[in-house]
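The values are calculated or read from the model by the stated rules, or taken from the named source; none is laboratory data. Computed from a predicted structure; not experimentally measured. Note that we place each Cβ from the backbone using ideal geometry, even for glycine, and neighbour counts take in every protein chain shown. Accessible surface areas use protein heavy atoms only, side chains included; no ligands, DNA or RNA. Shrake-Rupley method; radii C 1.70, N 1.55, O 1.52, S 1.80 Å.
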Amino acid sequence: MDFRLSVEEEMLKGTIHQFAAKEVAPLAAAVDRDGVFPAKNFKKLGSMGLLGITVPEEFGGAGGTYIDMMIVTEELACACTATAVAFAANAALFSDNLARNGSDYLKQQYLPGACSGELVAGIAMTEPSTGSNVMSMQTRAERRGDHYVLNGSKILITNAPIGDVFIVYAKTNPSGGSDAISAFVVDKTFPGFHRGRAFDKMGWRGSPTGELIFDDCIVPHENLLGSLNRGTDVLMSGLNSERLAMGALSIGLARGAYEFSFQYAKDREQFGQSLIGFQLIQDKLVTMAMHVEMARLLVYKGAAMMDQGTRGRDANLLASYAKLFASEMSMTATTEAVQILGGYGFTKDFPVERMMRDAKINTIGGGTSEIQKMIIMRELLEEQHR
Ligand SMILES: Cc1cc2nc3c(=O)[nH]c(=O)nc-3n(C[C@H](O)[C@H](O)[C@H](O)COP(=O)(O)OP(=O)(O)OC[C@H]3O[C@@H](n4cnc5c(N)ncnc54)[C@H](O)[C@@H]3O)c2cc1C
């Protein structure tokens, strides 16, 4: 067991840290205020070869590891959540999944663009009437000749208002339980692909969220991702990396709030001394620092297990522990950061109010905290029966 990053990983962390401090952080307030996609940062991440960080080099990726993915996500989220989400949607949700499950045709068709940043990508599971209970989705795909016809809609989808390509899940076998759904790579150029409304949101404001509508949408049969009626395999194979990426994003956000409030506590004086001299303030900062480190142990352990090829129960359990702990921790840490800044923390003059707003969705997206607890309990009960 070795908890240190390798020399190469430290170098990657240093490079992204510098890029985030110099180019990403200065734009973060405007990205949030104006609710605009951080296109400049996204393009730069593409040109740095990071948007397909785990994708093999032959398809335009960096051939990196899940640990690398966590490092990049954490460093970006420390500076600007919207940029970290833009990275994770392409690198973790779309490209990583396509690289693992796609045919050579699909990989050649979409991975180079998604890795370079030419294509903005995403995944679409959630529907107006099915969120946590994803298997009860209503969107249907029917085979007709050499193509599938998709009908239905997806809601609350990251990048829906601007994206070029999405992994979309639809029912192909209404009578089958775990054999009911299939995954498709759906391109915005396909006839019958439409965008619905975009949402105005509390946080993640620079990450566009919206609706996708499929109205007799024609999807060529070669755009089926994985096997017919085995969409659950594709979905499940992507969930752990998605949850770990959300964990890393939560760590970065909490770390950003901790670092800012630590410095503020040193600079601000009340009762003739710095805030940092008060034990009640020290208690908050100690708890934040310790919780960030605890979350990092879980998230990076989960990523290391994925890199070592661990799948199934142990990997699922750890991904859920990591996502649950890190996301809840990011909400608590950012709230405490606002408290340390007092009234100023509540204003938009300082970044901690944005961080607190950005943290809330971490406990909801990628499976809510309640759903993570259900998964964990199911695994613990199974263990009892063995
Ligand atoms: C900014 C943003 C980005 C998103 N991006 C994407 C995306 O890219 N792709 C995508 O597919 N989806 C995306 N989502 C959707 C997100 O994954 C869902 O919001 C989430 O899975 C919860 O589903 P829901 O909102 O329908 O809530 P519901 O499922 O309706 O749940 C509502 C509440 O009930 C609780 N609950 C539900 N079932 C149970 C139960 N059995 N026991 C106890 N409590 C329960 C939930 O935990 C929650 O607190 C995004 C959402 C947001 C806000």
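Structure notes:
- Protection proxy ranking, peptides 331-340, 302-311, average beta carbon neighbours within 10 Å, highest first: 331-340, 302-311
- Cα-Cα over 25 Å, subset of Lys13/Lys284; Lys266/Lys360; Lys154/Lys201; Lys301/Lys373: Lys13/Lys284; Lys266/Lys360
- What the Cβ-Cβ distance of Ser274 and Arg311 gives, at R0 = 45 Å and to the nearest 0.05, is a FRET efficiency of 0.35.
- Atom-type composition of the exposed protein surface of region 123-229 places 50 percent of the accessible area on carbon and sulfur (1.4 angstrom probe).
- Most positive-pole-ward Cα, Ala29, Ser6, Met202, against dipole of the chain from beta carbon charges: Met202
- Pair Glu118, Glu58: separation of 7 Å Cα→Cβ label points (nm): 2.0 nm
- Å² of accessible area per residue within the chain, as computed with a 1.4 Å probe and no ligands counted: 44 Å²
- MRE, 222 nm, helices only [DSSP H, n ≥ 4, -39500 (n - 2.57), over the chain, to nearest 500]: -16500 deg cm²/dmol
- Relative contact order of the chain, defined on C-alpha pairs under 8 angstrom at six or more residues apart (%): 16 percent
- Residues in region 138-161 reached by a label modelled at Asp216 [backbone nitrogen below 20 Å; 7 Å Cα→Cβ]: 139-154
- Straight-line cross-link reach from Lys107 at under 19 Å between alpha-carbon atoms covers these aspartates and glutamates, not counting any fewer than eight positions away in the same chain: Glu57, Glu58, Asp96, Glu118, Asp164, Asp187, Glu222, Asp233.
- Modelled label positions at Leu380 and Tyr344, each set 7 Å beyond Cα in the direction of Cβ, lie 4.3 nm from each other.
- With a Förster radius of 35 Å applied to the beta-carbon distance between Gln263 and Glu370, the computed FRET efficiency rounds to 0.50.
- Unit charges on C-beta of K, R, D, E only; dipole of the chain, Debye: 580 debye
- Counting only Cβ charges, +1 for Lys and Arg and -1 for Asp and Glu, the dipole size of region 234-349 around its Cα centre is about 300 debye.
- Region 123-229 - charge dipole about Cα centre, Lys and Arg +1 at Cβ, Asp and Glu -1, debye rounded to 20: 280 debye
- Relative to its residue count, region 123-229 spans a Cα convex hull of 96 Å³ per residue.
- By the compact-protein rule of thumb, 2.2 N^0.38 Å, the alpha-carbon radius of gyration of region 7-119 corresponds to a ratio of 1.02.
- Rounded tilt (10° steps) of 25-34 against the dominant C-alpha axis of the chain: 60 degrees
- FRET efficiency, 1/(1 + (r/R0)^6) with R0 51 Å, evaluated for Ser129 and Gln18 via beta carbons: 0.65
- Among Ser227, Met306, Val120 the positive-end extreme of the charge dipole of the chain (Cβ point charges): Val120
- Once the Cα atoms are used to define both axes, helix 369-385 deviates from the longest principal axis of the chain by about 70 degrees.
- Annotation for Asn229 and Ser175: the two label points, set 7 Å from Cα along the Cα-Cβ direction, are 0.9 nm apart.
- Top positive-direction residue, dipole computed over region 7-119 with Cβ charges, set Ala62, Gly49, Ala82: Ala82
- Volume in Å³ per residue [convex hull over Cα atoms, computed for region 179-283]: 162 Å³
- In units of the compact-protein estimate 2.2 N^0.38 Å, the chain shows a Cα radius of gyration of 0.99.
- Whole-angstrom Cα spans of region 263-386 along principal axes, big to small: 61, 26, 24
- Helix 104-116 and the long axis of the chain differ in direction by around 30°, with both axes built from C-alpha atoms.
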